[in-house]
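Chemist: Below is the structure I would like to discuss, written out as structure tokens.
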């Protein structure tokens, strides 16, 4: 996880001790490793680590409103607290 870019980055590095001699894109990433890296980033940085857009936040608010107003729909809890608890 690259905190500065707020993105998952896969690199293949050649090092001597702590000195990076060469760094290249690693290409395809194992989906399980990617999922774990994202989970770790969210656990460390919170949901703001994810690339939320205004549209996604509005969608989240609509789902939460609908969930409260119509519990018979049995929609999942999409609140920030629930998303963090279900990692």
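Chemist: I'd like the Kirkwood hydrodynamic radius of segment 37-87, using the inverse of the mean 1/r over distinct C-alpha pairs, in Å.
Modeler: 11.9
Chemist: Which order do 18, 68 fall in if you start with the one that has the fewest other Cβ atoms within 10 Å?
Modeler: 18, 68
Chemist: Please rank 30, 17, 40, fewest neighbouring Cβ atoms within 10 Å first, as an exposure proxy.
Modeler: 17, 30, 40
Chemist: What are the principal axis extents of the Cα atoms in the chain, in Å, biggest first?
Modeler: 59, 24, 22
Chemist: Rounded to the nearest 10 degrees, what's the angle between the helix 54-69 long axis and the longest principal axis of the chain, both from Cα atoms, 0 to 90?
Modeler: Roughly 40 degrees between the two axes.
Chemist: Shifting gears a bit: Using 0.36 nm times the number of residues separating residue 83 and residue 8, minus their current alpha carbon distance, what extension gain do you get?
Modeler: Gain on extension, residue 83 to residue 8, equals 25.1 nm.
Chemist: When averaged across all projection directions, what area in nm² does the alpha-carbon convex hull of segment 1-51 cover?
Modeler: 4.2
Any read-out appearing in this document is the output of simple, stated calculations on the displayed coordinates, not a laboratory observation. Please read these numbers as outputs of a predicted model, since none were measured by experiment. Ideal geometry is used to build each Cβ from the backbone, glycine not excepted, and the neighbour counts take in all protein chains shown.
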